[in-house]
1. If one takes the longest principal axis of the Cα atoms in the chain, at what angle in degrees, from 0 to 90 and to the nearest 10, does the Cα axis of helix 101-110 lie?
2. Across all directions of projection, what mean area in square nanometres is found for the Cα convex hull of the chain?
3. Kirkwood hydrodynamic radius, computed over distinct alpha-carbon pairs, for region 79-155: how many Å, to one decimal?
4. With the dipole of the chain worked out from charges on the C-beta (+1 for Lys and Arg, -1 for Asp and Glu) around the Cα centre, which of Cys72, Thr47, Ala135 lies farthest toward the positive end?
5. Measure off 7 Å from each Cα along the Cα-to-Cβ vector at Glu37 and Ala189, then give the distance between these two points in nanometres to one decimal.
6. Can you figure out the FRET efficiency of Thr46 with Ala74, using R₀ = 35 Å and their beta-carbon distance, to the nearest 0.05?
7. How many percent of DSSP beta bridges within region 2-192 run antiparallel, rounded to 5?
8. Whole-Hz Karplus ³J(HN,Hα) for region 126-143, in order, using 6.51 cos²θ - 1.76 cosθ + 1.60 and θ = phi - 60°, x for Gly and Pro?
Amino acid sequence: MKHLLFLFLLIGNYAIAQIPALPEQVSPLLIGEQIPEAELKSAGNTTHQLSEILAEKPSILLFYRGGWCPYCNAHLSEIQEAEREIIELGYQIVAISPDAPENLKITEDDKSIRYQLYSDADGQLIKAMGIAFKAPEQYSGMLSEKSGGLNKGILPVPSVFVVSPSGKIQFEYINPDYSTRLSGKLLLAILKNM
């Protein structure tokens, strides 16, 4: 029994060690690869399979750090301004953060966001996407609080993926500098040329 417990601890520590220490060290999925399956929570605290969300239509997957981040809020608002044109092009917008559902609701209401916000509070999807990194120590308490105690100190590198209904990545924008985001205008130009 002691050996089994040691093995579980070793595996758990290995998995934690595999999360990059810096955003510049992430190794994201690439164009042409498949989005992994994940279970997400909506702002209404209902559970959804990512594959079912994506199957509805081509999607813009927008990963952001959380409603507490002013850069993320500015980006969410900018994408909101482009939403009508994005929808007219046949896409849906799906934004994912480590925030717990109740915090998604606050962001949704505060920013008048009409597109879908989902919670990846435990970080399983951002890890599988290869965009997770260890958050600076000073974020630990706040991340735990904002995620309902599920986030153990990881953040996503803010990212935008254009994904087919089958879940194949067609375009991606990933920038380790959280203050630099893909503009709504550039996203529209990309979508119009796809």
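Nothing in this text is a laboratory measurement; each read-out follows from the coordinates by a stated rule. No experiment lies behind these values; they were computed from the predicted model shown. For neighbour counting, all protein chains shown are included, and Cβ atoms are generated from backbone atoms with ideal geometry for every residue, glycine included.
1. Result, in degrees: 30.
2. The directionally averaged projection comes out at 11.4 nm².
3. After inverting the pairwise mean of 1/r, the radius is 13.5 Å.
4. Ala135
5. It is 3.9 nm.
6. Efficiency at R0 = 35 Å is approximately 0.80.
7. 70
8. Values, residue by residue: 5, 5, 5, 6, x, 10, 8, 9, 5, 6, x, 3, 5, 8, 3, x, 5, 4 Hz.
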